[in-house]
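Below is one structure; the comments refer to it alone.
Just so you know, all these numbers are worked out from the coordinates, no wet-lab data involved. Quick caveat: nothing in here was measured; it's all calculated off a predicted structure. Cβ sites come from the backbone with ideal geometry, for glycine too, and all protein chains shown count toward neighbours.
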Amino acid sequence: MSQIYAVNQKPQHEILFKREETNPILAALHWPYPVNSVFNPGAVMLEDGTTLLLCRVEDRSGLSHFCVARSKDGISDWVVDKKPTLSPDPSNHPEETWGIEDPRITYLPEKKEYAVAYTAYSMAGPCVSIVLTKDFRRFNRVGMVMPPLNKDAALLSHKIGGKWAMIHRPTTPKYSHIWISFSPDLKHWGEHKMILRSRRGPWWDSDKIGLSPPVIKTSEGWLMIYHSVRQTASGAIYRIGMALFDLGCHQTCLRRSDTWVFSPEEDYERNGDVGNVVFPCGYTLAEDGDTVRLYYGGADTCIGVATGSLRHLLNWLHDNSKIMDQDDISLKESDYG
């Protein structure tokens, strides 16, 4: 006689990010003009408390542009720009010939502007570009700052040693690790250093890793939420992990999560244009300094939001990570592919 096993509907892991019950909060059906999909938004909370999402929107040609959506509570009643907010400009910026993707927003107090680092999809592959804005209506392109193949970039909010800092993810034929680079003017970048390496073997973050939203400054260090790509027999799975970096030395990783903290579980995350993907590009931090809302793309098709406690995240990371040493992040010749 065959046995029937009951499926345990309760998660077997600690929930660090709680999904909003109304997820997905934004999708193509909410758009005022025809599009294929809406996902991977940058996020910022404006001075009046409004949440602004700079959404990646893929049109029905297959190319992406950016469109702003605003909400008073960050969950519902989104007001979407009636036309694309920022479109590719291949005539003046040929690196954008195949679209612009995955924006990450950082406010720069020194410049009193928002810096948006994004993937410009050139005919040679993805590269990193930067645009500056004060109001998300008028934009000033800095242009391409990292050549192909590179993506998953975000700036830090302040200078280090008189220079701007940017985290990004170059790709070699074999590996994809997370790096940091420095610039005196946001245009010219150097002093490149790898700061977090993808693991090997069967690990959940063994093939590719990349920055998700911009890093979060905490009392214990800079909290990095990063995504991983693991190749399996049925395709890739995108999951989310965390790492903590030293406040005084942004290149020094103190801790790294042993396991993932957020992964595709819901139907809108498992099924879509690209299945089994959760991909955050933005977050907001509430006035209490603790409540974090993570805005993410689900299956490259829609947008979801999940809420966590910054204090809880740090406590969990302390209990579920190892202390890093130089061998964990040092670059080896083989890592160049």
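In table form, for the structure just shown:
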quantity: Per-residue Cβ neighbour rank within 10 angstrom, fewest leading, Met194, Met123; calculated: Met123, Met194
quantity: Residue-wise HN-Hα coupling along segment 249-259, computed from phi with Karplus coefficients 6.51, -1.76, 1.60 (Hz; x: Gly, Pro); calculated: 9, 5, 8, 9, 8, 8, 9, 9, 5, 6, 10
quantity: When the convex hull of its Cα atoms is projected in every direction, mean area for segment 1-129 (nm²); calculated: 13.4
quantity: Cβ-based exposure ranking for Ser157, Ser37, Ser181, in which fewest neighbours within 10 Å come first; calculated: Ser157, Ser181, Ser37
quantity: Fraction of antiparallel bridges per DSSP, segment 179-337 only, in percent to nearest 5; calculated: 100
quantity: Least to most buried among Asp152, Asp207, Asp246 (fewest other Cβ within 10 Å first); calculated: Asp246, Asp207, Asp152
quantity: Length gained when the stretch Arg60-Lys217 is fully extended (0.36 nm per residue, less Cα-Cα span); calculated: 52.7 nm
quantity: Rg over Rh, two decimals, segment 215-328 (C-alpha only, Kirkwood Rh); calculated: 0.99
quantity: Candidate aspartates and glutamates for bridging to Lys151, where Cα separation is under 14 Å - those fewer than 8 sequence places away on the same chain excluded; calculated: Glu95, Glu96, Glu101, Asp102
quantity: Computed Kirkwood radius, in angstrom, where 1/r is averaged over Cα pairs of the chain; calculated: 20.2
quantity: FRET efficiency, 1/(1 + (r/R0)^6) with R0 41 Å, evaluated for Lys72 and Arg199 via beta carbons; calculated: 0.50
quantity: Cα-centre dipole for the chain with unit charges at Cβ (Lys and Arg positive, Asp and Glu negative), debye to 20; calculated: 480
quantity: Counted charge near Ala299, where neighbours are those whose Cβ lies closer than 11 Å (Asp, Glu -1; Lys, Arg +1); calculated: -4
quantity: Stretchable slack from Gln251 to Asp273, in nm (0.36 nm times residue separation minus alpha-carbon distance); calculated: 4.4 nm
quantity: Proximal lysines relative to Lys112, as straight alpha-carbon distance under 16 Å, when same-chain residues fewer than 8 apart are discounted; calculated: Lys134, Lys159
